[in-house]
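Following: one structure in structure tokens, then a few remarks.
The values are calculated or read from the model by the stated rules, or taken from the named source; none is laboratory data. These numbers come from a predicted model, not from an experiment. Reconstructed Cβ throughout: ideal geometry from the backbone, glycine too, with neighbour counts over all protein chains shown. Note: areas computed on protein heavy atoms with side chains; ligands, DNA, RNA excluded. Shrake-Rupley method; radii C 1.70, N 1.55, O 1.52, S 1.80 Å.
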Amino acid sequence: MSSQKTALITGVNGMDGSHLADFLLNKGYVVYGMERRSSVKNRINTKHLESNDNFHFVIGDMSDSESLRNIVYLSHPDEVYNLAAQSFVGSSWAIPLETSDTNGLGVLRLLNAVKQYQEHNDKVVKFYQASTSEMFGLMEKGGSSANEQTVFLPRSPYGIAKLYAYWMVRNYRESYGLFACNGILFNHESERRGIEFVTRKISDAVARIHLGMQDKLLLGNLEVWRDWGYAPDYVEGMWLMLQQDTPSDYVLATNEAYSLEQFLDCAFKVVGLDWRDYVEQDERYMRPAEVPYLRGNYGLANDKLGWKPKTSFEELVEIMVNNDINLLRKD
Ligand code: GDD
């Protein structure tokens, strides 16, 4: 039998999904990437995988248990990474039911597919769930950073749906002995980030302003702080969780919080500008309930997985701004 491992990644076209696919292919895995059916393909982050013989796109949907079961049986995975989600917190008030279904019940559907497959095959399938710091919600600014024991106080339909999934993963681990882990990841960004997220919105705007294509940047609440890391560092942490002998839940973070104003300062400085000359606040980007401050303690991941973030805040901002300048220049 071949020793080559197989992984199934749901949400493969997203930022994390595409970085994880690259990472696993580099390690010699065969990778199945689940995407939703769509008349217009969304493969900006995964176009380069189309010609890779070890990579296979498969069509499925977190709302369709039949499709999830079929995909698990078709791919015979050693590892399943559930990264599919309605991942934009801001939209979760507009589409709370869809968010709850995809991010909450969808995870239960996938867990059931994996459990059933395991029962019919003599094989352990390891399961990773993309949990999130958004579950911590209301943290005290400047207080201790959150770890695996910190109380959850979610503030959005997104965070609440993710919390349901978090407990389902724990429940399937405790009830059925599934090797299932929650990665509680704090904000992590990269040049592949969707344009609606604040870091990419800023890096894109800075590039456009620098090239004379835009003169203003409209943002929502500037009084927020986040623990921002670099996504490629975090996908390695996901993989490490599934290489252990026993499953557990881990926080991945940098343990440093920066304000949105500090992000703006750093991003505009890359092109020698002052953000105060370009940024305006706009009610449309405010959220009904805000998570003002997030900072995570990755001590357990460091102790047990040997994981730590490799990319600094300044490096992350520079990578994103320079990438957007290059993209626009190419266009
Ligand atoms: N998107 C956006 N757009 N956010 C803005 C804006 C704006 O114009 N102006 C201010 N913000 C604030 C938001 O209110 C929020 O407090 C912060 O910037 C970050 O927003 P996002 O980049 O949209 O990320 P997020 O923190 O809500 O969610 C991300 O991180 C979570 C982990 O904590 C996403 O990646 C989630 O999927 C992930 O779970």
Rounded to whole Hz and in sequence order, give me ³J(HN,Hα) for segment 123-128 from the Karplus expression 6.51 cos²θ - 1.76 cosθ + 1.60, θ = phi - 60°, writing x for Gly and Pro. 7, 8, 10, 8, 10, 10
Order by protection proxy (mean Cβ within 10 Å, highest first), peptides 104-110, 151-157, 118-124: 104-110, 151-157, 118-124
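What is the sum of charges around Asn26, taking Lys and Arg as +1, Asp and Glu as -1, for the other residues whose C-beta is under 13 Å from the C-beta of Asn26? Before the final figure, lay out each step's value.
Working: positive: Lys5, Lys27; negative: Asp22, Glu236.
Net of charged neighbours comes to 0.
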Carbon and sulfur atoms account, in whole percent of the 1.4 Å probe accessible area of segment 103-211, for 48 percent
Only four residue types carry charge here, +1 at the Cβ of Lys and Arg and -1 at the Cβ of Asp and Glu. Report the dipole size of the chain about the Cα centre in Debye, rounded to the nearest 20. 540 debye
Distant-in-sequence amide H partners of Ala84 (H built 1.01 Å from N, under 5 Å): Thr10, Gly11
Mind listing the long-range amide H neighbours of Thr254? Cut-off is under 5 Å, sequence gap 5 or more, other chains count too, H placed in the peptide plane at 1.01 Å from N. Gly296
With each pseudo-label sitting 7 Å past Cα toward Cβ, what's the Glu261-Gln243 distance in nm, one decimal? 4.2 nm
Taking the alpha-carbon centroid of each part, what is the distance from segment 182-246 to segment 20-48 in angstrom? 19 Å
Farthest positive-ward along segment 248-302 dipole, Cα basis, beta-carbon charges - from Thr254, Gln281, Tyr298: Tyr298
Residue by residue through segment 250-257, which ³J(HN,Hα) values in whole Hz follow from phi under the Karplus form 6.51 cos²θ - 1.76 cosθ + 1.60 (θ = phi - 60°), with glycine and proline marked x? 9, 7, 10, 6, 10, 6, 10, 10
Computed FRET value (nearest 0.05) for Ser312 with Glu140, which takes r as the C-beta separation and R₀ as 25 Å: 0.50
What is the sum of charges, Lys and Arg at +1 and Asp and Glu at -1, for the other residues whose Cβ falls under 14 Å from the Cβ of Ala301? -3
Set the bar at 24 Å for Cα to Cα. Now go through Lys47/Lys201; Lys115/Lys304; Lys47/Lys123; Lys123/Lys310; Lys269/Lys330 and name every pair that lies beyond it. Lys115/Lys304; Lys47/Lys123; Lys123/Lys310
Expected unfolding gain across Arg284-Met213 under the 0.36 nm per residue rule, minus the alpha-carbon gap, is 23.3 nm
In units of 2.2 N^0.38 Å, what is the alpha-carbon radius of gyration of the chain? 0.98
Taking the Cβ of Tyr278 as the center, what net charge do the other residues with Cβ under 14 Å away carry, scoring Lys and Arg +1 and Asp and Glu -1? -3
In terms of modelled amide H atoms, which long-range or inter-chain residues lie less than 5 Å from the amide H of Thr132? Leu185
DSSP H segments from the chain that extend 24 Å or more along their own axis, Cα-based, with Kyte-Doolittle mean of -1.0 or above: 157-176, 313-330
Spatially proximal aspartates and glutamates relative to Lys308 (Cα-Cα < 14 Å; intrachain offsets below 8 disregarded): Asp227, Asp233, Glu236, Glu256
When the chain is modelled as a GNM with alpha-carbon springs shorter than 10 Å, which of Met15, Met168, Met286 fluctuates the most? Met286
Leaving out ligands and nucleic acids, note down the accessible area per residue over the chain with a 1.4 angstrom probe, in whole Å². 45 Å²
